[in-house]
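Written out below as structure tokens is the structure these notes cover.
The values are calculated or read from the model by the stated rules, or taken from the named source; none is laboratory data. Only a predicted model underlies this, so the values are computations on that prediction, with no experimental measurement involved. Counting neighbours? That spans all protein chains shown, and the Cβs are built from the backbone with ideal geometry, glycine included.
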Amino acid sequence: MSAATTKTDYDVVIVGAGPIGAAMALALRKSGLRLALLDSQPLQDSMSLINGAEFDPRVSAITPASEALFESLGVWSAMQNSRVSPYTDMHVREADGTADINFCAADIHAPVLGHIVENRVMVAAMHQALRSQPLLDCLMPASVIALDNAPQAAVLTLDTGRQLSARLVIAADGAQSPLRQLAGFQTREWDYEHEAIVCSVRTDKPHQQCARQVFMDQGVLAFLPLAAPDNDAEHWCSIVWSVIPATAQSLLAMPDPDFCRALSYASEHWLGDVTHSSKRFSFSLRQRHALEYVNKRVVLIGDAAHSIHPLAGQGANLGLADVQALADVLARVDATGRDPADPVLLARYQRDRKPHNMSMMLLMEGFKRLYAEQPLPIRWLRNTGMRAVEQTPWLKNQLIRAAMGTHA
């Protein structure tokens, strides 16, 4: 019996129901394929649990290209009705430097540069949509503990003892991806030797829908605008502060007032004093890229395939672009009767996404090295380059369009 006609429980099993895995399941809703979605956490109950709750410390800077994908999946309006913060401007500077860059949506006749969206808002909106999706089984909570990636079908063994067979398995289970390891994918990776501190903060001055980023010798600090209730509008930001591990431990151990003072000083009081901080979390920064995205009947998307430095906020957008590319490839399966794990189809997905992801990773590595502690001549060159970009509207606007995922 051929691989294409082998009887399986599912055509496609998606492992990981975070923003990327959930988007993948929704993107295949019209494919006619029998789908299963697995995650170690249960399906979220309701969008209503978001409203009034504290901000999620994990946020993503969603580009217009990613917004268009969410629109096509029918979930963007639900996100907007919850908590989505548009930003129209972006200000980038070097600490103690003499130059900065200001990006503005109006310069390219766009309404916004993007939106800051909490991860839990994205997940809740998509999980709500998944509940009514036909041909989809949400097997949650469940974890994969073993994989037989055989020529005829992939067989997953779950921690519940159940076994599932599938023609294709999509790994969307994050940067640490147990499924990637079970499938034997090789990665190239290195440690940035930085920790990222994330939390939500309240500031004296309103953020005015502007994302702010400062490059420092020891890391990068970003203030990302959040949507708050009307009586506190524009006074809340999500921060991502990249520092060396010793500094991170010191900042995490500080009482809240001391941390707020340290953050106010590091940000050069852009938004006045930081007056309140939520609980702080930290995670190690490591760049990782799978040498191949496809191994027999397993394919990688999102952070399972590639994880980059968060300084440009492009991680989620790269993953959502993976979703769109793989969904476009698999859309051919039902009409043609082809095996969803057809090597020709999956090679097309890899050819589409791998060069773009690698280019973004190299760019982020270059920025990270460029803004590491450097001697005075390098600092002078950095500032000169930054001023040159600021004074060249055409180049600056091209950079805006590239970051937004749009074309000129």
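On the stretch given as segment 176-186, residues that are surrounded by fewer than 19 Cβ atoms within 10 Å (Cβ to Cβ) and either of a type in the set (Gly, Ala, Ser) or not in a helix (DSSP H, G or I) (or both) total 3.
Number of residues in segment 79-100 that are assigned to a loop (DSSP other than H, G, I, E, B) and either over 23 Å from Phe215 (Cα atoms) or free of Cβ contacts under 8 Å to residues at least 60 places away in the same chain (or both) equals 3. Every condition in (1) part of a strand (DSSP E or B); (2) modelled with pLDDT of 95 or more holds for Phe103 except the one numbered (2).
Select from segment 113-129 the residues that are outside any helix (DSSP H, G or I) and touching a Ser or Thr at 6+ places or on another chain (Cβ under 7 Å) and write down the one among them that is farthest from Gly319 (Cα to Cα). Checked segment 113-129; the qualifying residue farthest from Gly319 (Cα to Cα) is Leu113. Looking only at residues of segment 45-81 that are surrounded by fewer than 21 Cβ atoms within 10 Å (Cβ to Cβ), of a type in the set (S, T, N, Q) and under 19 Å from the mean Cα position of the chain (by Cα), we find that the one that is modelled with the lowest pLDDT is Gln80. Identify all residues within segment 117-153 that are of a type outside the set (S, T, N, Q), within 25 Å of Gln209 (Cα to Cα) and in contact with a Gly (Cβ under 8 Å, 6 or more places away or on another chain); write none if there are none. Matches in segment 117-153: Val123 only. Picking from residues in segment 113-134 that are surrounded by fewer than 16 Cβ atoms within 10 Å (Cβ to Cβ) and not polar (S, T, N, Q), the one that is farthest from Leu43 (Cα to Cα) is Pro134. Does any residue of segment 3-25 turn out to be at pLDDT below 90, under 18 Å from Val329 (Cα atoms) and in a loop (DSSP other than H, G, I, E, B)? Yes, that holds for at least one residue.
Considering only residues in segment 257-280 that are among the small types (Gly, Ala, Ser) and part of a loop (DSSP other than H, G, I, E, B), the one that is modelled with the highest pLDDT turns out to be Ser278. Just one residue in the set Ala95, Ala110, Ala106 is surrounded by fewer than 18 Cβ atoms within 10 Å (Cβ to Cβ), under 23 Å from the mean Cα position of the chain (by Cα) and more than 12 Å from Leu26 (Cα to Cα); that residue is Ala110. Restricting the search to segment 333-382, which residues are hydrophobic (A, V, I, L, M, F, W, C), modelled with pLDDT of 80 or more and part of a helix (DSSP H, G or I)? Within segment 333-382, Val333, Val344, Leu345, Leu346, Ala347, Met358 meet the criteria.
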